[in-house]
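Student: Pasting a structure here, questions to come.
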Amino acid sequence: MTECCGKQDGCCSSATPDVRIEVVSQARYLAGARDLVRAVAGRLGFDAAQCGRIALAVDEALCNVINHGYDKRPDGRIWISIWPMGDPMPERPTGIRIVIEDNAKQVDPEKIKPRDLAEIRPGGLGVHIIREVMDCATYEKRNGAGMRLTMEKKLDTCPPKDTQ
Amino acid sequence: MEVKEEQLNGHPVIAPQGDVDLGNSKDLQYHLRQSLNKKPKQLVVDLGGVPYMDSSGVATLVEAMQVSRRSGVSLVLCAMTPRVKSIFEIARLDKVFRIVDSRDQITNA
């Protein structure tokens, strides 16, 4: 797991995302967010299994914002932005970059870590799942308020299509 | 998500239908707790009707497993779709639960 490249190496074509949606911090909108991410990832060239896993990573990130960032407050705002990675108009992008931002409480990014999976207990799997599914995931504090999670997945890291 | 309650060889079967996520995992938790409170010898959770599950659904099943072990109930998960199986593998819980491919593979506890 490495930190996301962000804008520094020009991995994404534009400062403005191709897709950006705003949702409130309510779990009933998770399914819609998943469907959107799955569909966009599919259009960018990921197979069905990878689309499902990318949607899962986004779902887990949103759950963490709802549960921990906003402490289940239903009126928080969450922004999901999506970029294709690679050249501006490639026939096939090299990957997907997803940024999730909120206005929730800020935490030290160093303290956001996956828990020990040897301990079998309910909960606390979200960060592990995000880091397992995506090539990179970087948390940072936004200026002023809230957190930003940047996640990337490259197309060439897809496993064989033997699972859904 | 609807949660069906059925019987298999005289034992309860909980069969959620639809995605299980943070928005509805409490419904599944309610049905599992109700069934576990009756302390059956065996409880089957048929996941064949669940195309998607996030970690809140997994957490619900982990909690059910812990309760079942304390209560002496044999908890069996069956008919997982590949996408649901994937999250159990990512969470490294696929070897922790008793998981079978179909109801046909379930015998009495």
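Student: Kindly indicate whether any position in segment B:51-63 is crowded, with 17+ Cβ neighbours inside 10 Å, more than 25 Å from residue A:71 (Cβ to Cβ) and not charged (D, E, K, R).
Tutor: Looking for residues that are crowded, with 17+ Cβ neighbours inside 10 Å, more than 25 Å from residue A:71 (Cβ to Cβ) and not charged (D, E, K, R), one finds at least one in segment B:51-63, hence yes.
Student: Okay, moving on. Only one of these is surrounded by 15 or more Cβ atoms within 10 Å (Cβ to Cβ) and either touching a Lys or Arg at 6+ places or on another chain (Cβ under 6 Å) or at positive phi (or both): A:45, A:76. Name it.
Tutor: None of the other options fit; the residue is A:45.
Student: Now a separate question. Of all the residues that make up segment B:11-39, how many are at negative phi and open to solvent by 20 Å² or more (accessible area, probe 1.4 Å)?
Tutor: Adding up the residues that qualify gives 16.
Student: Of all the residues that make up segment B:75-109, how many are touching a Ser or Thr at 6+ places or on another chain (Cβ under 8 Å) and open to solvent by less than 30 Å² (accessible area, probe 1.4 Å)?
Tutor: Residues that pass the stated criteria total 6.
Student: Additional query: Test each condition in (1) farther than 20 Å from residue A:154 by Cβ; (2) away from chain B (no Cβ under 11 Å) for residue A:122 and report the one that comes out false.
Tutor: Of (1) farther than 20 Å from residue A:154 by Cβ; (2) away from chain B (no Cβ under 11 Å), only one is false for residue A:122: (2).
Student: I'd like the full set of residues that are hydroxyl-bearing (Ser, Thr, Tyr) and within 20 Å of residue B:7 (Cα to Cα), limited to segment B:52-79.
Tutor: The answer is B:68, B:71, B:74.
Student: Hey, could you check segment A:34-53 for residues that are touching a strand residue (DSSP E or B) at 6+ places or on another chain (Cβ under 6 Å) and either among the β-branched types (Val, Ile, Thr) or assigned to a helix (DSSP H, G or I) (or both) and say which is nearest to the other protein chains (Cβ to nearest Cβ)?
Tutor: Per the stated criteria, the residue is A:41.
The values are calculated or read from the model by the stated rules, or taken from the named source; none is laboratory data. All figures in this text were calculated on a predicted structure; none of them were measured in a lab. Please note: Cβ atoms are built from the backbone with ideal geometry, for glycine as well, and neighbour counts cover all protein chains shown. Ligands, DNA and RNA are stripped out before the accessible areas are found, and what is left, the full protein with its side chains, is counted by its heavy atoms. Shrake-Rupley method; radii C 1.70, N 1.55, O 1.52, S 1.80 Å.
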